[in-house]
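Heads up, the thing below is written out as C-alpha cells.
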Amino acid sequence: MIAKIKDKAENMKNITNYKAIFVFSLIILIGVFVAPSFSFAAASFNTDPLDYPTLQVGNLTTSPGCASCWKTSGSANGGEYLSFLVYYHNTSNETANQTKIIANVPSGSYSSQTVSVSIVSQNSGTINGSVGISAPSNQSLTFVSNSVKWFPSRNSAAQPLLYGQSGNEIVSEGLNIGDIVSGWSSQGYVIFSVLVGAGGSGSSANAPIVATNPATSIGQNYATLNGTVNSNNSNTTVWFEYGPTTSLGSTAGYQNIGISNFTTNISAYLSNIQPNLNFYYRIAAQNSYGTSYGSIMNFMTGTGYNYNYYSSGYGGGATVTTYNATSIGSNFATLNASVSSNYSGTTVWFEYGTNTSLGYTTGYQNIGTGTGVNLTASLSNLQSNTTYYYRAATQNYTGTSYGNIVSFTTPGYGSGYNYYGASGNYPYVTTNNVSYVYQNSALFSGSVNPNNSLTTAWFEWGTTNSLGNKTAEQPMGQDAVSHEFSFAASGLQADTIYHYRAVARNSLGTNYGNILNFTTRANSYVPVSKETQITFIKKSEISADKNIILEPSISDDNPDPGEGVNYSIIYKNKSSHSISNVVLKIALPSETQYLGSTIQPALITADNNLVFNLGTIDTESQAAINIKIKIKDAAEKNNVLIFNALLEYNNYKGTFQSISAFITAIISGNSLTASLENILKSLFSNWAFDLLLGLIIGYGIYHFFIKSKETDLV
C-alpha cells in the first residue's frame, strides 16, 4: 500500500514536471511565432530638431547649382526645370529595413500645385513632406526621366542606385535605398527633377554641348586646358584630349558634371610635358545620348631652360626677397616682395599669420619667366593693435622657395578692438568625440570660435595625457562664429588607448579643449565594405557654403601593399561669384607615399601633406587634380587609409572659408614581409601553439642535457 502511494506520488510529480515543461515550451513558441506580429515599428525618420525639411525645392533653370537656394516652396515659368531634394535621417536606434522613397508629382495643369514625398521602411512608420509650386499661369509638372541622383551617408558625390534601379521607380513603386542604419553618419538625400509646362516624358535630353577655350598658365613643362560643357539634361562625363599632333592621343582631367542644363567651366592641368613644343588639345564629353568634341586648339610651351637646368646652368629655384609692409592701417596693410624666376615659369604668393607659423595665403599669381618682378598683396579685415608676420613664397618646376619672414604691427582704436569694434579675445575651442575609428586610423573632430581674431587650430594626441604629437595647423578665419574642423590621424597602433585634444591660437593667446580618449580597433576587426567611402560633412559646414564642393575618389578602394593607386579630387565653384586665394591641402595617410600629380609640383610639408595654391576659381567652374600614390609595403591587411582634403579660400566678400572632404580605402592583403610578421605574431599569441612549443623545448632540454648525462653516468 505504501509502495502504491509512493508510485502515485511519483507519477503526480512527473505529470507536474511534464506540465511545467509543456507550459514553458508553449511560452517559447508564443514568443517566437506570435509576439513578432504584435511588435511596433522600431525605426523612425527626421525627428531630430536639427534635421532639414523632408522635401525642398529649387529652380534648376534660374539658379543652377545653387545649393543654398533650396526652399520649402518654389515658383517657375513654363519651360523651366525644378529640382526636389528629399532628405532622410534615421533618428531611431534601429536599422530601417528596405527603405523606400515615393514621390507624388500631380497631373493636370494648374497655377498652384503641391509635390509630396513619403519615406517608409519595413519596420517604420511613414514620414511625409510636401512643397507648394506656383506659376504665373496654368502649367503642368512632368517628371524628368533618369534625373534621380542619390547621395547616401553624407556623400557629396552621387552614388550608383541599388538593385539595378534607373531612378524612375521614385514616381511608381518607390525608389529602394536599402537598409539605413541609425545615426548622423547615414543621413543622405535624393534629388529628382520635373519640367514645368510641357507634356511628354520630360526627358528632353541630348548629347552634351562642348566648347574648347584657350589654354592658360602656360610654362615650359605645364599648362592649364580650358573648356565649357552643358550636359543637356543627362548625366555627363567630361575630359580633355591632347598631344603633339592633331591626332592627339593622350587624355587628362576626367570628371563628372552630373545632370544640368547650363554651361560649366572645366579645367585640367598638365605637368611634366615637353618644353618648347606645340601641343594640340580639345574638350570631349559623353552621356547616354552620345559623345561631343570641341574644336582642336593649340598652345606652345616655354623654352627648355628649366628642362636643361643641370647641363646648362639656367633655370632652378626662384630667388625671392620679402620687403617691409606699407600702407599699414588699423585693419589693413600692403605686403611687398621681389622675385626673380631664374628663367623658369614661376608662381608666387604671400603667407601670413599672427605668429611665425603663418598659416594663411594671399596674392597668388603667375609671373612666368620674369626677373626682378615686384609683388604686392593687400590684406584687409585685420585685427587692430596686432603684430602680423609674413613672407613671400615661390614655386616652379624645381621646387618651392621662401623669402625671409618680416613683421608689422597694426595701430589700434584701443587695445584689443578690431575694425568692427568687437573686442578680440582668446579663441574658444572644444574637443569633440572622435569618429571613424579603425585599427590604424581615426578622425579627430573639434570646433573653434576665432573670437574676432585671426586664428589657427590643430589637434594634439598621444598614448598618454602628455600627448606629444601634433597635426598640421588649419586656418580658421577671424570671425566670431563656431567652425567645425577635423583631421585624419594615421599610423596608429591597434587595440591602443589614445588621448587627444583640440587647440586654437590667435594673436591674444592659445586655448585648449578638454583631453578625450578612444581605443583603436583590434587587429581582428574587419571593416565593412560600406565604409570604403565616407565624406565628412557636418550640417554647419553645409549651411556655411554649399556652393563650394569637394568630390574625392580613389581608383582602388581595396589596394594591396606596394600597389600604386590614383587619388583624385574634383573641386567646384557653383556660386555666382569667383573665389580667391584658393589653397587645397591634402593629408595623405602615413601608410602611403606621394609619387606625383597632374598639376605643377605640390608643396610637400614635413608631415606628408600636399599643398596646391590654386589662385582664383571662376563662377560655375570645376577642375580635377589627380595624385599618384603608392601603398607602402608595411601596410597591413584591413588597415583603413583615410585621405583628408581641405579647401581654403576667400569668398566674394573677402571672408575666409574652408570645406573638408574625406575618403577611405581598405588594405585588402599583406606584403610578404608583413604576412610573415603576422604569421609569427598569430602563432606566438596562440596558447595551444605556445604549449606545444614549450613541450618540445622541454623535451629537447630533457633529451639532450638531462637524459644524455644519465646515459653518460651509466
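The values are calculated or read from the model by the stated rules, or taken from the named source; none is laboratory data. Note that the structure is predicted; figures quoted are calculated from it, not measured. Note that we place each Cβ from the backbone using ideal geometry, even for glycine, and neighbour counts take in every protein chain shown.
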Quiz prompt | Identity of the residue in the range 106-135, closer than 16 Å to Y81 by Cα and crowded, with 20+ Cβ neighbours inside 10 Å, that ends up modelled with the lowest pLDDT | solution = A135
Practice problem: Sort out for me the strands (runs of 3 or more DSSP E) sitting completely within the range 211-276 that have 3 or more residues that are within 24 Å of the chain's Cα centre (by Cα). | Solution: 236-243, 250-258, 264-271
Quiz prompt | Test: residue in the range 70-86 that is buried (at least 21 other Cβ atoms within 10 Å of the Cβ), assigned to a loop (DSSP other than H, G, I, E, B) and at pLDDT 90 or above | solution = no
Quiz item: Within the range 462-487, how many residues are part of a strand (DSSP E or B) and either closer than 25 Å to L382 by Cα or touching a residue at least 40 places away in the same chain (Cβ under 8 Å) (or both)?
Solution: 9
Quiz item: So which of T264, T291 ends up being among the polar types (S, T, N, Q) and surrounded by fewer than 18 Cβ atoms within 10 Å (Cβ to Cβ)?
Solution: T291
Practice problem: Name, by its number, the condition in (1) in a loop (DSSP other than H, G, I, E, B); (2) on the phi < 0 side of the Ramachandran plot; (3) loosely packed, with under 15 Cβ neighbours inside 10 Å that does not hold for A157. | Solution: (3)
Quiz item: Which residue, of A198, A103, is modelled with pLDDT under 90 and closer than 17 Å to L60 by Cβ?
Solution: A198
Quiz prompt | Out of I133, I191, sole residue that is touching a Gly at 6+ places or on another chain (Cβ under 8 Å) and either assigned by TED's automatic domain parsing to the domain that holds G79 or under 21 Å from A42 (Cα atoms) (or both) | solution = I133
Quiz item: Across the range 598-620, which residue is modelled with the lowest pLDDT among those that are closer than 29 Å to I257 by Cβ and out of contact with any Ser or Thr (no Cβ under 7 Å at 6 or more places or on another chain)?
Solution: P601
Exercise. Can you give me the number of residues within the range 379-397 that are within 20 Å of A480 (Cα to Cα) and under 32 Å from the mean Cα position of the chain (by Cα)?
Key: 6
Practice problem: Filter the range 488-529 for residues that are without any contact (Cβ under 8 Å) to a residue 40 or more places away in the chain and crowded, with 17+ Cβ neighbours inside 10 Å and give the result. | Solution: H499
Quiz item: Yes or no: T431 surrounded by fewer than 17 Cβ atoms within 10 Å (Cβ to Cβ) and at pLDDT 90 or above?
Solution: no
Quiz prompt | Pick from the range 300-328, criterion modelled with pLDDT of 80 or more and assigned to a loop (DSSP other than H, G, I, E, B), ranking: surrounded by the most Cβ atoms within 10 Å (Cβ to Cβ) | solution = T301
Quiz prompt | Near pairs, Cβ below 9 angstrom, 6+ apart or cross-chain, from the range 224-244 (farther than 19 Å from Y280 by Cβ) to any residue that is of a type in the set (K, R) and surrounded by fewer than 24 Cβ atoms within 10 Å (Cβ to Cβ) | solution = N235/K149
Exercise. Enumerate the pairs (first residue in the range 153-168 and within 14 Å of Q187 (Cα to Cα) and modelled with pLDDT under 85; second residue anywhere and buried (at least 17 other Cβ atoms within 10 Å of the Cβ) and β-branched (V, I, T)) with beta-carbon separation below 6 Å, excluding pairs fewer than 6 apart on the same chain, so at least 6 apart or on different chains.
Key: R154/T535; R154/I537; N155/T535; S156/T535; S156/I549
Self-check item: From the options A645, A624, residue that is under 21 Å from the mean Cα position of the chain (by Cα), at pLDDT 85 or above and outside the structural domain of T346 (by TED's automatic domain parsing)
Solution: A645
